[in-house]
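Below is one structure, written out as structure tokens; the observations come after it.
The values are calculated or read from the model by the stated rules, or taken from the named source; none is laboratory data. Fair warning: this is a prediction, and the values are worked out from it, not measured in the lab. Every residue, glycine among them, receives a Cβ derived from its backbone with ideal geometry; neighbour counts consider all protein chains shown. Protein only, heavy atoms only, side chains kept; ligands, DNA and RNA dropped before computing areas. Shrake-Rupley method; radii C 1.70, N 1.55, O 1.52, S 1.80 Å.
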Amino acid sequence: MSSIKRKLTPVPFTQVRFTDSFWGPRIEVNRRATIPHIYRKLEETGRIGAFDLNFEREVPSPIVLIFGDSDPAKWIEAASYSLSTHPDPDLAAIVDRVADKIISAQQPDGYLNTHFIHTQPEMRWKNLRDWHEMYCAGHLMEGAVAHYQATGNPKLLEALSRYADHIDNTFGREPGKKRGYCGHPEIELALVRLYHATGNPRYLNLAKYMVDERGTQPHYYDIEALERNDNPAKFWARTYEYCQAHVPVRQQEKVVGHAVRAMYLLSAVADLAHEFDDEILLETCYRLWDNLVMKRMYITGGIGPSRHNEGFTQDYDLPDETAYAETCATIGLVLWNHRLLQFSGESCFADVMERGLYNGFLSGVSLEGTHFLYENPLSSAGERLRHDWFICPCCPPNVARILASIGNYFYSTEDAAVWVHLFAENEATLRVANQIVKIFQSTKYPWDGLVTFRVGVDRPANFALRFRLPDWCQSYQLKINGTPWDVQPEKNGYIALARTWNSGDTVSYEMDMPLKAAWANPAVRQLEGRIALQRGPLVYCLEGVDHENIILDRIAVDPGQVTRQFTLDYQSSLLGGVAVVHGQGTVIDGQGWGDQLYRSTPPGKKEISITAIPYCVWNNRQLGEMRVWLRTR
Ligand SMILES: [Zn+2]
């Protein structure tokens, strides 16, 4: 039987240094503003103090802090990543203190959850369906791995290993253990990371148990509910789809339930497919990916349209104004696609990753770094404030950890190949063909499609440079050391240049990046008759602030004009520097109706100028309307 293991190895973010004007400033704002801001909020809301255990609860409901440990955990992860690329003794000292606090709360048996140590000790491990204990454990493990990798200090990693041992002693198929698994997947992928950081296969096997046991009968959530004297039929979400536990994952046909839970689980499924060479797990990922990307994903990479279950509904149900599209869900989408990309190096996974990162992920944090969106709708009547914190603040530290490690998503290596998935001005140091290779990207991407790669090697090196042809790009020109070169992309969507590279060799890769209209499949009934504007990886939107006294939903544009007559204007002082789109449209005239609700003559229309900005920077000026999908008539 042939192996399905990953062909590619991702290059860690510590090997990629950004010098661009798109991600570079975001990483810097994340370091200077977001990470300190989140720390202050964690302190203010008692989430760090909770590890002292001798604390008074000052929050409105203990339920709020059931998952409270996950927030400092994600913050430690974000801060550790930041320390890896930008040493900062003050931040390092705070991280060290928080790590000590976490460790101090650990119980003699290894257990470590402040809520169930302090507030409801009698309920420990009694409600895995709802109470997030393993979810918090998973985030603490991820934080511990990042902390160890950044500092070399193993203390937090050792504490979380003891907690993982405790969980492994408590749960599993062996006699005397509970056959449980968490209602909010996360620990599964964290255990795989813990396995790699410690080398202990016990954690990998525990992750596999949790993925395989999930959704089997008799159902663990029924059993534990009866043990609590609860009626399992009265579960508020009505279906275990919400917990990704309605059927074993190998039998899932569609992506359902809570979107973040689905993405975290499927990220672990992809990890385990690789670790155990498990073809069925990989096929499961591909099957669910087809359903998600072809029928259930917003053009922004947002996923999960419904607020009710923070998740999925039906195929082609993609309402724009009520889109839930949680920031964390797009983060999960990126994590999962990054994992799938490494198996075969097919560009479709990097396309989704890019769509998410440049749109529905980045919209989740303001340009100054201290205000966030939990939901990322594709239109707004003007009531969507950014907030500096949330009662459930999962998104802010999640954004912080991804931005601090954004370099993770750009490159992979193979024995004799460098893979470039994403574009930005940066310098990457890689090991390929048994030597150190530097790749310098110079580009103004995403404002311009021209990327120049320069190779740095100590001695000539034989390897293939593979770079992605994005799904939005229909034509490109290539030059090697200034000479035009004609190469077709491979079946996987990457252009491969295999040769002997000398230091200073350059490849200029010019992707044509016109502004385009995008239509949704007509099966998406909410978007019928509408278009979105997209240029390169960026989806555009209109904002009220640029269209005074005009209701955005009354604006229509002619799709035929978009490519031919709309213009682009790079404005360095606007929104951190963005290419703005200018064009003409019409607006329905709302005048002359008096008290009439209906009448037999249509409203008039008049010509107007419109201005569109990248969706990822909306809601950074003043509260107002926003709209991605525009009428065409
Ligand atoms: Zn979230």
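Using θ = phi - 60° in the Karplus curve 6.51 cos²θ - 1.76 cosθ + 1.60, the 3J(HN,Hα) couplings for the stretch 383-400 round to 10, 8, 6, 7, 10, 7, 6, 9, 4, 9, x, 5, 6, x, x, 5, 4, 4 Hz; x is entered for Gly and Pro. Once C-alpha pairs closer than 8 Å and six or more residues apart are averaged by separation and normalised to the residue number of the stretch 510-583, the relative contact order reads 23 percent. Solvent exposure of the stretch 260-359, expressed per residue, is 23 Å² of accessible area, with all protein chains present and a 1.4 angstrom probe.
Using the Cα atoms of the stretch 74-117 to build a convex hull, what is its mean projected area in square nanometres?
On the way: hull surface 13.7 nm².
Taking a quarter of the hull surface, the average projection is 3.4 nm².
Sequence-ordered 3J(HN,Hα) estimates for the stretch 556-569 from the Karplus curve with 6.51, -1.76 and 1.60 and θ = phi - 60° stand at 10, 10, 8, x, x, 7, 4, 6, 7, 10, 6, 10, 10, 9 Hz, glycine and proline given as x.
Projected label points at residue 165 and residue 596, each 7 Å from Cα along the beta carbon direction, are separated by 8.0 nanometres. Of interest is the spacing of the C-alpha centroids, which for the stretch 448-496 and the stretch 120-149 amounts to 44 Å. Per the Debye formula with a single identical scatterer at each Cα and no solvent contribution, what log10 I(q)/I(0) holds for the stretch 186-254 at q = 0.18 Å⁻¹? Here log10 of I(q) over I(0) equals -0.77. Note on the stretch 338-440: Cα Rg divided by 2.2 N^0.38 Å, N the number of residues, gives 1.33. Listed by chain and number, the lysines whose alpha-carbon sits under 19 Å from that of residue 234, ignoring those within fewer than 8 places in the same chain, are 126.
What's the ranking of 466-472, 531-537, 425-431 by average number of surrounding C-beta atoms within 10 Å, highest first?
Values: 466-472: 21.9, 531-537: 23.4, 425-431: 18.6.
Top of the packing list down: 531-537, 466-472, 425-431.
Packing around the peptides 561-572, 403-414, 510-521, 16-27, taken as the average count of other Cβ atoms within 10 Å per residue, puts them in this order, highest first: 403-414, 16-27, 510-521, 561-572.
Amide H to amide H, with H built 1.01 Å from N, residue 541 comes under 5 Å of 613, 615, counting only residues 5 or more places away or on other chains. Straight Cα distances below 26 angstrom link residue 5 to the lysines 208, 254, 491, with same-chain residues fewer than 8 positions distant left out.
Express the relative contact order of the stretch 410-558 as a whole percentage, based on alpha carbon pairs under 8 Å and six or more residues apart in sequence. Write down the numbers at each step before the final one.
On the way: 292 pairs, mean separation 27.7, N = 149.
Reported relative contact order: 19 percent.
Each residue of the chain gets 174 Å³ once the volume of the Cα convex hull is shared out per residue. Contact order for the stretch 57-156, expressed relative to its length and based on alpha carbon pairs under 8 Å spaced 6+ residues apart, stands at 47 percent. Computed extension length for residue 584-residue 633: 16.3 nm, one decimal, from 0.36 nm per residue of separation with the Cα-Cα distance subtracted. Packing around the peptides 248-257, 343-352, 232-241, taken as the average count of other Cβ atoms within 10 Å per residue, puts them in this order, highest first: 343-352, 248-257, 232-241. Over the residues of the chain, the helix contribution to mean residue ellipticity at 222 nm works out to -10000 deg cm²/dmol, using -39500 (n - 2.57) for each DSSP H run of at least 4.
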